[in-house]
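The next block holds one structure in the form of C-alpha cells; read it before the comments.
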Amino acid sequence: ITGVGSVIKANTGSAVLTADNTFTGGVTNANGVLMLTGAGSQSFNQINGGGILLVPNASSLGVSGTTGLKINPNNAETGRLELSNNVTIQTGQPIEVSMRNNPTVAIRSVSGNNVISDQVAIQAGGGLLWIEAAAGASLELGGGVTSVATGGRNFTLLGEGSGVVSGVIENGLAS
C-alpha cells in the first residue's frame with residue numbers, strides 16, 4: 001500500500017499485510033485479526049474493540065521514533081497485541097495500554113524471545129491489565145511500566161513462559 005491514507009480493519013475476519021507498505025496514515029484494527037509481516041511506514045498503530053494485531057516483524061509497526069502504538073480496548077473489550085519470532089518493539093514512544101474490567105490479555109508473547117523496549121504506559125479503563133508469555137515464549141518489558149490511571153490497578157505478568165520487567169515499575173501520575 002502506498003500514498004496518503006489509513007488502513008482500518010473493522011470486520012471479524014482475518015487479514016494479512018505481507019508486502020512492504022509506504023503509506024503515511026495509520027493502521028487501526030477494530031475487530032478480528034490483522035497480521036503485519038512486511039515493513040511499514042505508517043504514522044500510528046491502534047488496536048480497538050476486539051481487534052488482535054499480530055506482529056512477527058518489528059519493522060511492520062513503522063519507523064522507530066515516529067510511530068506510536070495504542071492498545072485501546074478497555075472495560076468489556078478484548079483486543080490485544082501479539083508478538084512472535086524474536087521481535088523487539090522500539091517505537092521511541094510510550095505504548096499506551098488501557099486497563100480492562102475483564103480477565104483478558106492485552107499483550108501476549110506467542111513464540112520466541114520478544115522485547116518491548118518502550119515504556120508500557122497504563123491508561124484509565126477498568127482495574128485489570130494482563131500481559132502474558134505463552135509456553136516456550138518469553139517477554140521482556142525493557143522500558144518498564146508506569147500508570148496514569150487512578151484508583152485500584154492490578155498489573156499481572158502471567159503465562160507458562162518467561163516474563164521479565166527489566167525497566168522500572170512506577171505509579172506515575174496516579175494517586
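Assorted remarks:
- In Hz, Karplus ³J(HN,Hα) per residue of segment 125-140 (6.51, -1.76, 1.60; θ = phi - 60°; x = Gly, Pro): x, x, x, 10, 9, 10, 10, 10, 10, 5, 3, x, 10, 9, 9, 10
- If you bin all the Cα-Cα distances of segment 1-91 at 5 Å, starting from zero, the percentages per bin are 3, 16, 26, 28, 19, 6, 1, 0.
- Share of Cα-Cα pairs in segment 24-71 lying beyond 19 Å, as whole percent: 14 percent
- Taking amide H as placed 1.01 Å from N in the peptide plane, Asp118 has its amide H under 5 Å from the amide H of Thr91, Gly143, each at least 5 places away in sequence or on another chain.
- Percent of C-alpha pairs per 10 Å bin, segment 57-144, short to long: 19, 50, 30, 1
- Packing-based ranking, highest mean first, of 113-120, 125-132, 159-166 given that Cβ atoms within 10 Å are counted: 113-120, 125-132, 159-166
- Built amide H within the under 5 Å cut-off of Arg108, gap 5+: Leu81, Glu82, Leu83, Glu132
- Placed amide H near Gly127: partners under 5 Å, 5+ positions off or other chain: Arg100, Asn101
- Relative contact order of the chain, taken over Cα pairs closer than 8 Å and 6 or more residues apart, is 14 percent.
- In Hz, Karplus ³J(HN,Hα) per residue of segment 38-50 (6.51, -1.76, 1.60; θ = phi - 60°; x = Gly, Pro): x, 5, x, 10, 5, 8, 7, 10, 9, 10, 10, x, x
- For the chain, projected area of the alpha-carbon convex hull averaged over all directions, nm²: 8.9 nm²
- Karplus 3J(HN,Hα) series, Hz, for segment 5-18 with 6.51 cos²θ - 1.76 cosθ + 1.60 (x for Gly, Pro): x, 10, 10, 10, 9, 10, 8, 7, x, 10, 9, 10, 9, 9
Since every read-out is calculated from the coordinates, none of them should be taken as a lab result. Because the structure is predicted, anything quoted here is derived from the model rather than measured. All Cβ positions, glycine included, derive from the backbone under ideal geometry; neighbour counts span all protein chains shown.
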